[in-house]
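Here's the structure we're looking at; comments come further down.
Bear in mind that the values in this text are calculations on the coordinates, not laboratory data. Keep in mind that this is a model prediction, so the values were computed, not measured. Neighbour counts run over all protein chains shown; Cβ positions are idealised from the backbone, glycine included.
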Amino acid sequence: MALQERQEPDVYQENFEPTSYLEYYRMNQDPIGDEVLHFLLKHYNATFKPGGLEGKLLIDIGSGPTIYQFLSACESFQEIIATDYTDKNLQELEKWLKKMPGAFDWSPVVKYVCELEGNRDKWAEKEERVRRAVTQVLKCDVLKERPLEPAVLPPADGLISSLCLEAACPTPQACRDALRHLRTLLRPGGHLVLSGGFETTFFMVGDKRFSTLPLNEKFLREALQEAGFIIEKLEKVTRAAETHLDNRSDYTGLFFLVARRGD
Ligand SMILES: C[S@@+](CC[C@H](N)C(=O)[O-])C[C@H]1O[C@@H](n2cnc3c(N)ncnc32)[C@H](O)[C@@H]1O
């Protein structure tokens with residue numbers, strides 16, 4: 001059976017409601033979202049600041065309906081390609097990129113990143129910069145040998161992916177394979193910036209429950225090495241006490257890593 005033929009119901013296409021998911025990202029109104037944003041945005045900022053990672057093409061894998069992951073990267077990469085598995089997520093992204101009615105209001109998050117970068121009053125320009133940088137929004141399936149087919153792209157200088165592999169991969173082997181698939185999208189020496197939750201078995205989107213693959217540091221280190229990556233940095237944080245009672249997900253911590261394609 002071809003890898004991409006799935007026997008289980010297509011839960012993301014059927015049940016993942018982008019507008020419900022975006023509720024996590026209402027800054028200062030959702031403790032889980034705030035914890036994720038504070039951690040990831042700090043490390044994206046450190047990774048893409050002047051003197052950090054830069055290049056021509058950056059591909060984001062499993063973007064979902066979110067753009068927070070582009071806010072620092074758009075300063076150091078000329079072109080960003082957003083991707084996701086579901087049509088609804090791609091439509092929701094287009095809505096924001098094209099300033100369509102009903103688009104999510106990312107401005108509190110954009111202002112927060114501008115503050116991290118020491119430029120809070122430039123947030124409207126930052127939004128325009130992201131809109132210019134994101135040139136394409138493509139379908140993606142990390143379980144396929146060629147995750148972006150039928151699209152044909154030049155090898156990327158960088159890949160980012162947040163909170164996607166644990167959602168997309170049903171087994172540890174599928175996750176090892178997905179890392180191998182992602183490697184083919186990068187140029188030799190290019191960087192993968194990967195982040196997610198530790199030990200997560202599920203998360204809720206509205207009233208829909210999504211099972212996830214529990215990841216830990218040992219597994220990530222082994223799987224990345226096996227897929228041909230060299231880890232240059234791995235940051236982690238333990239889940240904060242304030243979010244422990246929130247039963248919309250059971251992650252125990254978060255990680256953010258930068259790995260180089262090792263050839
Ligand atoms: C928890 S969301 C993360 C979204 C976003 N990256 C973020 O940081 O909030 C997981 C995403 O993985 C996507 N996904 C699920 N299966 C996938 C697959 N096989 N290939 C690529 N993405 C997939 C879902 O559509 C969803 O957008």
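Here are a few things to note about the model shown:
- Volume in Å³ per residue [convex hull over Cα atoms, computed for the chain]: 122
- Computed over the range 157-222, the P(r) tail beyond 21 angstrom holds 26 percent of alpha carbon pairs.
- Nearest-20 debye value, the chain charge dipole, Cβ charges on Lys, Arg, Asp, Glu: 620
- Using Cβ point charges alone (K and R +1, D and E -1), the dipole size of the range 71-183 about the Cα centre works out to roughly 100 debye.
- Straightening the chain between Arg146 and Thr184 buys 12.9 nm, computed as 0.36 nm per residue apart minus the Cα-Cα spacing.
- Net charge over other residues, Cβ less than 13 angstrom from the Cβ of Lys49 (K, R count +1; D, E count -1): -2
- Amide N of the range 175-212 lying under 18 Å from the label point, which is placed 7 angstrom from the Cα of Glu226 along Cα→Cβ: 175-184, 199
- Sorted by Cβ density within 10 Å, fewest first, the residues Thr47, Thr66, Thr19: Thr19, Thr47, Thr66
- Sum of -39500 (n - 2.57) over DSSP H runs of 4+, divided by residues of the chain (222 nm, nearest 500): -9500 deg cm²/dmol
- Checking the cross-link pairs Lys111/Lys233; Lys42/Lys126; Lys49/Lys139; Lys49/Lys122; Lys42/Lys233 against a 25 Å limit on the alpha carbon distance flags Lys111/Lys233; Lys49/Lys139 as lying beyond it.
- Each other residue within a Cβ distance under 11 Å of Thr243 adds +1 if Lys or Arg and -1 if Asp or Glu, for a net charge of -4.
- Signed unit charges on C-beta, dipole axis of the range 141-217, positive-most listed residue Met204, Ala151, Cys164: Ala151
- When both bridge partners sit in the chain, DSSP labels roughly 55% of those beta bridges antiparallel.
- Between Asp121 and Ala240, the contour length at 0.36 nm per residue exceeds the alpha carbon distance by 39.8 nm.
- Electrostatic tally near His191: other residues with Cβ closer than 15 Å to its Cβ, Lys and Arg +1, Asp and Glu -1, net +1.
- Relative frequency of Cα-Cα separations exceeding 25 Å in the range 140-263, percent: 24
- Where N is the number of residues in the range 1-97, Cα Rg divided by 2.2 N^0.38 Å: 1.24
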